[in-house]
Every structure is written in C-alpha cells, then in structure tokens.
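Below is one structure, written out as structure tokens, with a few remarks after it.
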Amino acid sequence: MAWNEPGGGKPKDPWGGGDQGPPDLDEALKKFQEKIHGLFGGKAGGSGNFAPGGNLLAMILVGAAVLYFLFGFYQLDQQERAVILRLGAYKETVNPGLHWNFPLIDRVTKVNVTKVQSAGHHSVMLTQDENIVDISISVQYRVADPQNYLLRVRNPEGSLEQAMESALRHVVGGVAMDQIITEGREQIAVDVQQRLQQYLDAYQTGIQIAKVNIEDAHAPAQVQEAFDDVTRAKEDRERLKNEAEAYANGIIPEARGRSQRLIEEANAYREQVVSRAEGEAARFEKLLTEYRKAPDVTRQRLYIDAIQGVLNSSTKVLVDVQGGNNMLYLPLDKIMQQQNSNADTTTAVPTTEVQIESVPPLRRDNSTRGREGR
C-alpha cells in the first residue's frame, strides 16, 4: 500500500518517520528566535513565547552589523593611493590592495598618482628689452604626495595656476624678446619648469611637474608685421652666413692645394735647373781638359756640333754657294712631307743630296778662311 494511499489513519512518512506528520514551521521559527533572543539577553513571556518587539530589534541589529562590516571593505588599484582620515584627523596613506576601514568613522579619499594631467596658461608679459610678448604655455604634472595634495593646500589646481604665472613672468622678464620668439623657447621652458617646481615644493602641494611646453610666443597683433620682417631678415642672415661658410670651406682647401702644387713645381724646377747647371759645368770642365790636349780637333768638333744642333732644329736651310750671287733655299719640311705622301716621287732628292754634299766644303772653306784671317 502506498504511503499516501487514502484510508483510515494518517499518511505514512516516506523517510521512516512512522506515523509522524510534516515538521511545524512555526515551531522551527520560534526555536530560531529563541536562540537569537538568548544571544542578546531576552526573556520569555508568560506563555513561554518570546516578545515580538525584542526579536525584531535583534534581527535589525545583526543585519546592521553585517552591513557595517561589509561596507568597510575597499579596493585600491596599482595607480591609486588612499588617504585615511579618522574623525577628521590624518591617520595614514595606504598602498594598492584590499583594505578595510571603519565606515562613518574613517574617511577614505583615493588619489591617482600615475595619471599625467595638464594645465595651461596664457598671458601678455614684458620682456627684458621692454617689449611686449603674447605667450602661452602648457604644463604636464602628476600627484607625487597624496597627503600634501589633499591636506596642505585648499586648492592645488588654483595654486598651480598662480605658480605658473609667477614663474613664467620671472623667466620672461629676464630674457630678450628675440630669444623668446626664435631659438630660445626650449631653454625658457626648462627654466620655467625648474622655478615652477621650486614654488610648488615650497607650497607643499604634492605636485610633480613632468614637462613644460611653450605652445606659442609672438608679438602683439599691432606690431606683428614688423617683427615678422625682423625674423625674416635674421633667417636671411643665417642663410647667407651658411652659404659663405660653405663657399669658404670649398675654396680654401682648393687654394691650399694649388699653392702646394706650385711650391712643389717650383722646387722641382729649381732642382732641375741646378742639376742641369751642374751637369753643364762638369761637361765644360771635361771639354776644357780635352781642348788643352787637342785644340784644333776640339774646336772643329764644337763647330760641327753647333751647326748640327742648329740644322736639326730648323726646317729651312739657306746655302750660300761660293762664287755666285744666289743662295739655295732648301724647304726640308716640304720635302719630307712630299716624300711621305708620295714615295715614288724622287725629283727633289738629287737636289737635296747635291746641296748637302756641297755644304761641308763650304763650311770647311769658311772655317779655313777664318783661321787664315786670324
């Protein structure tokens, strides 16, 4: 017979409870309330039940305690730090991780110490040379000390703005306008960064300057055209200067090379002349020795060598024939050209041979007549 079959008697308990019925929920609730009430020192009523008001209060207090405990947990990322204030007074600065504090007693303020923030400033200032410049800068910074950033200064961003203007005016007031507009911007940014960091450290703002940039620097609009002309003139001056230096760098080595070449050629010519003169002197001394041994032969030989040198260097020969009024003209250059162009033509060859054969006797007669006259 099934446990829930209809019939006389109570239904059977499928878990072996015999004739016992289902558990009473009211009774179980009462037992739980009794335990909670016993923890908080409550007393039972005259009928054996607990007071309903005391049970509710106990549950509220337990729930509030659990919520109070849970709300005390908080998590910090790697880029965050937390400043803890207990009853308004500084307690500590905690690092990243899971932490717990007393809610409503401790105040937790999270600060991002790795995020780079930026601020800008624009103003019109007076330079060292009493000119007016319109300048704009941007500053990149981060929070280095959360305690000072939150507690030492009422308005860190406002203090940063004022410190930027003060540092910029101090640096710009000691620099000429030309440097601000042209090539001096980088150095001005470095000087502003150093002075601005000194101001922030003195104020204990907890701010660390990462970089200062000069966004723009120009003359006022009323005189901008004149300053543009000055800038262009300076650029032209630098360009011409660079061109002149490039030309000098190219022409000076070339001139030095030519001068060195001329010096070397002069030295070589000097050595050549000296050597030739020394050779001629040595030859003359040897010739003088031979002349003393045989004067006539040496004199005749010198004469023949001189005539041979003259005739070798001349392309035209004039021959004076003894006993006649005419002179023979021998165009040796033309004769040689004709022989080279036409090997079969021999008309000019006998004349040349005749005239050349007749020259030595003439020379000997002339030399003989010269000696006889002496």
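Within region 191-201, does at least one residue satisfy the condition of being over 21 Å from residue 129 (Cβ atoms), outside any helix (DSSP H, G or I) and assigned by TED's automatic domain parsing to the domain that holds residue 145? No - not one qualifying residue is present in region 191-201.
Criterion first (touching a helix residue (DSSP H, G or I) at 6+ places or on another chain (Cβ under 8 Å), among the aliphatic types (A, V, I, L, M) and outside any strand (DSSP E or B)) does residue 171 satisfy it? In short, yes. Summed over region 87-122, the residues that are of a type in the set (Ser, Thr, Tyr) and under 31 Å from the mean Cα position of the chain (by Cα) give a count of 2. If only residues of region 180-194 that are under 18 Å from residue 238 (Cα atoms) and more than 21 Å from the chain's Cα centre (by Cα) are counted, the one that is surrounded by the fewest Cβ atoms within 10 Å (Cβ to Cβ) is 181. Return yes when residue 275 is modelled with pLDDT of 90 or more and over 60 Å from the mean Cα position of the chain (by Cα) and no when it is not. The answer is yes for residue 275.
Residues that are part of a helix (DSSP H, G or I) and on the phi < 0 side of the Ramachandran plot: does region 215-222 have at least one? So far as region 215-222 goes, yes, one or more of its residues are part of a helix (DSSP H, G or I) and on the phi < 0 side of the Ramachandran plot.
The values are calculated or read from the model by the stated rules, or taken from the named source; none is laboratory data. These numbers were taken from a predicted model, which means no experiment stands behind them. So basically every Cβ, Gly included, is an ideal-geometry build from the backbone, and we count neighbours across all protein chains shown.
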